[in-house]
Amino acid sequence: MNELNIADFGADFFSLRGKNAIVTGGNSGLGQAFSTALASMGANVLAASVMPDDGETQKLVEASGSRYAYMHADITASGVPQQVAERCVSEFGSVDILVNSAGRCINEPDVLKFTREQWDPMVALNLTAAFEMSHEVAKFMIPQGSGKIINICSVFTFLGGQWSPAYAATKHGIAGLTKAYCDELAPFGIQVNGIAPGYYATPLTAETRANPAANQHVMNHVPAGRWGQTQDLMGATAFLASRASDYVNGHILSVDGGYLVR
């Protein structure tokens, strides 16, 4: 057993200096928080997204002294995940961290009206693209003997997901992918974990927050008594990307204000 060295534990334990990250959907919404968190700890960030880049994420990343690159990429398209992984290596020299953040949710109150046309694009982005991105970065992480893959799950990883069976199914699926890839990649020094956000104040939830009844329904289930702010996710992201989590593997970390206890 290695001797405990307390001097080894400190800010550097969470440092990402010299590390290079891909964040899918990393220039908007929660993805921007993931990019900013990694940059604040020293990582360079490649944001791969179909959303146009307005320069705001670049400002946040570069304010931390890290480098930023943007790649317009539809990661559901054939061959694009490989291109994203290769772009990170060509831009920064390696790929050490992947955050599978890109996702979408289509709601339909009437389950009998939920169609294959609604199901397929969510499965393609939320689950299949995450698998393909993980597969491609593993090609670089295995030879270097290290890496961190962080899959963005949801509280609906653990719940039924009323009004969106495809969203719940994909978020259950991403938890399974997290555990399966943990099992496969742990022998190579790679950790695969997930973060399960609860309800967050983003543009995607603006309509719910503006509806008094819908807003109260959410608040009734959140012991913290408030909507999550994007910065609430930054600590979990930095932890799971750093060597502080080297013995954490196959875990889904809920960051939900206590939502799942009610």
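If you scan region 73-131, which residues turn out to be among the charged types (D, E, K, R), in a helix (DSSP H, G or I) and more than 30 Å from PHE14 (Cα to Cα)?
Listed by number, the residues that qualify are LYS113, ARG116, GLU117, ASP120.
Looking only at residues that are touching a residue at least 60 places away in the same chain (Cβ under 8 Å) and of a type in the set (A, V, I, L, M) in region 90-119, which one is farthest from PRO197 (Cα to Cα)?
In this case the residue turns out to be VAL95.
Given ALA85, ALA39, which one is under 18 Å from the mean Cα position of the chain (by Cα), over 17 Å from SER242 (Cβ atoms) and not hydroxyl-bearing (Ser, Thr, Tyr)?
Exactly one of ALA85, ALA39 is under 18 Å from the mean Cα position of the chain (by Cα), over 17 Å from SER242 (Cβ atoms) and not hydroxyl-bearing (Ser, Thr, Tyr), namely ALA85.
Restricting the search to region 197-246, which residues are under 19 Å from VAL261 (Cβ atoms), free of Cβ contacts under 8 Å to residues at least 60 places away in the same chain and within 18 Å of the chain's Cα centre (by Cα)?
The answer is GLY228, ASP232, ALA236.
Would you check which residues across region 90-141 are modelled with pLDDT under 95 and hydroxyl-bearing (Ser, Thr, Tyr) and list them?
THR115
Applying the selection to region 159-199, what residues are touching a Phe, Trp or Tyr at 6+ places or on another chain (Cβ under 7 Å) and surrounded by fewer than 19 Cβ atoms within 10 Å (Cβ to Cβ)?
Correct list: PRO165 only.
How many of the residues in region 50-67 are closer than 8 Å to ASN27 by Cβ and exposed (fewer than 15 other Cβ atoms within 10 Å of the Cβ)?
2
Taking only region 100-120 into account, find how many residues are surrounded by 14 or more Cβ atoms within 10 Å (Cβ to Cβ) and not aliphatic (A, V, I, L, M).
So the count comes out to 9.
The values are calculated or read from the model by the stated rules, or taken from the named source; none is laboratory data. Bear in mind that the values here come from a model prediction, so they are computed numbers and not experimental data. Backbone-built Cβ (ideal geometry, glycine too); neighbour counts: all protein chains shown.
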